[in-house]
2 protein chains.
Amino acid sequence: MTGKQFTSVWFREPRKAATPARSREEIVRAAMELLDEEGLTGLSMRKLGAKLSAGATSLYWYVANKDELLELAYDQIWAEMTVPDAHEVGWRDASSSWAYSMRAVMLRHPWSASLLGHVPALGPHALTASDRMRKVFKAAGFRGLDVDYAVAAVTAFVYGMTLPEIAWDVTVGDYDYDAEEMRGLVAKAAADFPDMLESLAMEAYEDPAVVRATAFDFGLVSVLDGLERRLVT
Amino acid sequence: MTGKQFTSVWFREPRKAATPARSREEIVRAAMELLDEEGLTGLSMRKLGAKLSAGATSLYWYVANKDELLELAYDQIWAEMTVPDAHEVGWRDASSSWAYSMRAVMLRHPWSASLLGHVPALGPHALTASDRMRKVFKAAGFRGLDVDYAVAAVTAFVYGMTLPEIAWDVTVGDYDYDAEEMRGLVAKAAADFPDMLESLAMEAYEDPAVVRATAFDFGLVSVLDGLERRLVT
DNA sequence: ACCTGAACACCGTTCAAGT
DNA sequence: ACCTGAACACCGTTCAAGT
């Protein structure tokens, strides 16, 4: 207990602007651009201020602190995900297209991976998406807290699968790397594990993007199959 | 392409100490203590130096930079997970006790959640754990890349489920919060979603720890059921 | 109502200098 | 071989002062 109160942007009323020279929307948009270009570590209040040709500290008029700015940017992520109506396409199609769209959004905005799960998802877009996901699993036949459990299981899977993909992309993007050399280094680290070396060798002949997509699909189908079994018993 | 080479602690030989006043092991142990006590943001090279009654910059003799120090600490996480032998207890029991132990380790070291997936898992302990997990799924009957896909699916699920749990614990720990008040705030944010309010109300009568454990089990059983189905078809 | 710059208390890291 | 302190280039945030 520190005496601090838990806070979130979503618990406070935004400033009502009289003559909005700058606006929250503009700031969040600029922040997302910076995040997309330079990643989470590339976003600083100073840089963001400069981008908006303002002093870094001007931003504090619109936003309590950097964390709340991130909460705002984070919520936008959810706006980009699509959740089809289960009554139109069935719950399996609905939830798997949602899963694919969540993966796509994360890959498009790699910084979101560092925020997902860490930042409370209480923004309007996050809530809307969750609500739609709940409806999908209700349509599937889940009842009570099982609805939440099902949503959580799919979300957890998508998130957990996509995160390493992003980490890999970031690594590849940040460094001058040679695929062959990289494999050699990894193989050296795994030298004591013949089993893993074998699987590494198998992968070497496949397109990495295909392997990743296949892994995702394999797991997603499994998760949905598993959830479906909860319905019949 | 930036001209930088990709590096990892595991690709370089450690310094061979002649008279090791300090050692990598000691530094990593101290770093983990600091991490357990104060979290990821609580670890700074200066603080760690002070804890070891050394100058902050002395650490750079043992470790290339902070990222590599985190790689070292991160690998220790894997040492704490247990993966039973599938030939003794069967693949379902083996993989689910591994899943539970991974969850327990993450909850014990909340900072690990911010490293998992972000930091390359190339350390000896990470590799050992992965190797054992692969053996479990091989024993189950998976072949080829399916072994990796199965391991990835379970890992992704555990990680994705546990992360929000940790975020919640950290929030509760950091702030002076009243359960009732908190629920009120969340309910206000979700005011437009009657469906979610209903589920919020249901949860209010349950022990949060029980709800979380139930959610984890529900999902885990589903994932394993789903994987099992891959074996029969 | 909005914006500013100076200032504070931090960071990670480099490097020449010490022993 | 190991450790140090000074220095550099950054951070987020507060706050009194401006318009």
Mind telling me which of the residues B:GLU206, B:GLU228 ends up being more than 30 Å from A:PHE216 (Cβ to Cβ), surrounded by fewer than 19 Cβ atoms within 10 Å (Cβ to Cβ) and not hydrophobic (A, V, I, L, M, F, W, C)?
B:GLU206
All helices (runs of 4 or more DSSP H) inside segment A:38-99 with 2 or more residues being within 15 Å of DNA strand C (Cβ to nearest atom) and outside the structural domain of A:VAL119 (by TED's automatic domain parsing):
A:45-51, A:66-79
For segment A:209-224, which positions are of a type in the set (Gly, Ala, Ser) and surrounded by 14 or more Cβ atoms within 10 Å (Cβ to Cβ)?
A:ALA213, A:ALA215, A:GLY219, A:SER222
Residues that are within 18 Å of B:LEU70 (Cβ to Cβ) and among the small types (Gly, Ala, Ser), drawn from segment B:101-128
B:SER112, B:ALA113, B:SER114, B:GLY117, B:ALA121, B:GLY123, B:ALA126
All positions within segment A:33-72 that are farther than 16 Å from A:ARG22 by Cα, hydrophobic (A, V, I, L, M, F, W, C) and either more than 9 Å from DNA strand D (Cβ to nearest atom) or surrounded by fewer than 19 Cβ atoms within 10 Å (Cβ to Cβ) (or both)
A:LEU34, A:LEU35, A:LEU40, A:LEU70
Is there a residue in segment B:21-31 that is open to solvent by 10 Å² or more (accessible area, probe 1.4 Å), in contact (Cβ under 8 Å) with a residue 40 or more places away in the chain and away from DNA strand D (no atom under 12 Å from the Cβ)?
yes
Which of the residues belonging to segment A:42-75 are on the phi < 0 side of the Ramachandran plot and small (Gly, Ala, Ser)?
A:GLY42, A:SER44, A:GLY49, A:ALA50, A:ALA54, A:GLY55, A:ALA56, A:SER58, A:ALA64, A:ALA73
Tell me yes or no: at least one residue of segment B:216-231 is farther than 18 Å from A:GLY226 by Cα and more than 7 Å from chain A (Cβ to nearest Cβ).
no
Scanning segment B:205-229 residue by residue, those farther than 16 Å from B:VAL154 by Cα, among the hydroxyl-bearing types (Ser, Thr, Tyr) and in a helix (DSSP H, G or I) turn out to be B:THR214
Just checking, which of B:ALA201, B:ALA187 is open to solvent by 30 Å² or more (accessible area, probe 1.4 Å), free of Cβ contacts under 8 Å to residues at least 60 places away in the same chain and in contact with a Leu (Cβ under 7 Å, 6 or more places away or on another chain)?
B:ALA187
Out of (1) closer than 20 Å to A:LEU35 by Cβ; (2) in contact (Cβ under 8 Å) with a residue 60 or more places away in the chain; (3) within 12 Å of another protein chain (Cβ to nearest Cβ), the odd one out for A:VAL119 is which?
(2)
I'd like to know if segment B:152-174 contains one or more residues that are open to solvent by 60 Å² or more (accessible area, probe 1.4 Å), modelled with pLDDT under 95, at the interface with another protein chain (Cβ under 8 Å from one of its Cβ atoms) and over 18 Å from the mean Cα position of the chain (by Cα).
yes
B:ALA64 versus (1) under 13 Å from B:VAL9 (Cβ atoms); (2) touching a Leu at 6+ places or on another chain (Cβ under 9 Å); (3) of a type in the set (A, V, I, L, M, F, W, C): which is the lone unmet condition?
(2)
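The values are calculated or read from the model by the stated rules, or taken from the named source; none is laboratory data. This is a predicted model, so every value here is computed, not measured. So basically every Cβ, Gly included, is an ideal-geometry build from the backbone, and we count neighbours across all protein chains shown. Note: accessible area is taken over every heavy atom of the protein model, side chains too, but ligands, DNA and RNA are not part of it. Shrake-Rupley method; radii C 1.70, N 1.55, O 1.52, S 1.80 Å.
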